[in-house]
């Protein structure tokens, strides 16, 4: 991330922002897709960081853009992990406190910009599984659809958090003698640095841990499955089944079989992705990796807002972003 020389009017630039749960990525480019400046800063998720901290980060982003570019880009398209749909102007101004004025600013969900990184605005769907899970898509009429994304209390089946929680539960059930033995019990001791299994109660409940701490146990479930642990393998297959149901739902809503995937589980847990792909193939649904990252998806959103076509030259330039 960094800067190349730019001496033109900053109002002619386009900016994409990916506001994830722990960090925010900002990318600025010209109308030809040439990357001018990119950097990373703190999260703008007001649920996770709190509204005051999120506003501080919005202000810091605006200040840095003005410092480096001499002004704000004309259009700023933001995907925010705290949002589920397109935000109205009142919410945009409330969250950002007007720091991006007079630029045209759009706030949407982080899942939407991940989708744009795959479809570039054309009809299609995206399946997302990281710490949480959801699916979204655009139909032939340009309508936006979503499924899942209810959070770890109400849902998130097929996610890293859900996988980890199932793994922890399986370890505890085996410890109690309710189910067959599993390597997950020993892994639970080591992962959470417990002297004995009952210590997990204090580790989880006092004080209450953030969901990322629990979700990190998903890697232990994957490792145990790779070692042939039957219980862990069944958990991974069950998560693939949940994602399969989510995939069928969103592709049906969007009326197409073009499905992209994104998120740490689908990107890194091969067993889940493979089991999911096998299920999807029976329904003639293709599972594909997106061409662009979510922050470039946000840039594509800015192009669409500006009414600028994604020509081959623009796409080639955006592909240079690392």
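Values in this text are rule-based calculations from the coordinates and carry no lab data. Note that the structure is predicted; figures quoted are calculated from it, not measured. No Cβ is skipped: glycine too gets one built from the backbone with ideal geometry, and neighbour counts run over all protein chains shown.
Taking Cα atoms, how many degrees apart are the long axis of helix 270-281 and the longest axis of the chain, rounded to 10 and kept between 0 and 90?
80
In whole Å and largest first, what semi-axes does the C-alpha gyration tensor of segment 249-289 yield when each eigenvalue is scaled by 5 and square-rooted?
Its equivalent ellipsoid spans semi-axes of 18, 12, 7 Å.
Kirkwood Rh, segment 1-142, all Cα pairs: how many Å? Spell out each step's value before the answer.
Numbers: mean 1/r = 0.0644 Å⁻¹.
About 15.5 Å for segment 1-142.
To the nearest 10 degrees, how steep is helix 51-69 against the longest Cα principal axis of the chain, on a 0 to 90 scale?
In the chain, helix 51-69 runs at an angle near 40 degrees to the longest axis.
Could you give the length gained on full extension between residue 288 and residue 237, defined as 0.36 nm per residue of separation minus the Cα-Cα distance, in nm? Show your work: numbers first, answer last.
Values: separation 51, 0.36 × 51 = 18.36 nm, distance 1.96 nm.
Between residue 288 and residue 237, full extension yields an extra 16.4 nm.
Sticking to Cα atoms, compute the Rg of segment 73-175 to one decimal and its Dmax as the biggest Cα-Cα distance, whole number, in Å.
When restricted to the Cα atoms of segment 73-175, Rg and Dmax are 17.1, 60 Å.
Note down the relative contact order for segment 145-200 as a percent, whole number, built from C-alpha pairs under 8 angstrom at least six residues apart.
Across segment 145-200, relative contact order equals 19 percent.
Measure nothing but the geometry: give the 0 to 90° angle between the long axis through the Cα atoms of 110-119 and the longest principal axis through the Cα atoms of the chain, rounded to 10°.
Its long axis makes an angle of about 80 degrees.
Between Rg and the Kirkwood Rh of segment 93-145, both from Cα atoms, what is the Rg to Rh ratio? Walk me through the numbers before you get to the answer.
On the way: Rg = 13.7 Å, Rh = 12.7 Å.
Computed over Cα atoms, the ratio is 1.08.
Where both partners of a DSSP beta bridge lie in the chain, what percent of those bridges are antiparallel, to the nearest 5?
If we restrict to bridges inside the chain, about 60 percent are antiparallel.
Could you grab the Rg to Rh ratio for segment 267-322? Cα atoms only, Kirkwood for Rh.
Checking Rg against Rh, the ratio lands at 1.14.
Restricting to DSSP H runs of at least four residues, report the calculated mean residue ellipticity at 222 nm for the chain, -39500 (n - 2.57) per run over all residues, nearest 500 deg cm²/dmol.
Working: 14 runs with 149 residues, N = 322.
The helix-only estimate for the chain comes to -14000 deg cm²/dmol at 222 nm.
With each pseudo-label sitting 7 Å past Cα toward Cβ, what's the residue 252-residue 316 distance in nm, one decimal?
Those two pseudo-labels are separated by 4.4 nm.
Once Rh is set to the Kirkwood radius over Cα pairs, what Stokes-Einstein translational diffusion coefficient, in µm²/s, holds for segment 151-288 at a temperature of 25 °C and a viscosity of 0.890 mPa s? Please list the in-between numbers first.
On the way: Rh = 15.8 Å.
D = 155 µm²/s.
When the chain is fully extended, how far beyond the present Cα-Cα distance does residue 179 get from residue 264, taking 0.36 nm per residue of separation?
Here the answer is 27.7 nm.
Under a no-solvent Debye model with one identical scatterer per Cα of segment 159-228, what's log10 I(q)/I(0) at q = 0.27 Å⁻¹?
-1.36
Can you give the Rg/Rh ratio of the chain, where Rg is from the C-alpha atoms and Rh is the Kirkwood radius?
Reported Rg/Rh (Cα atoms, Kirkwood Rh): 1.02.
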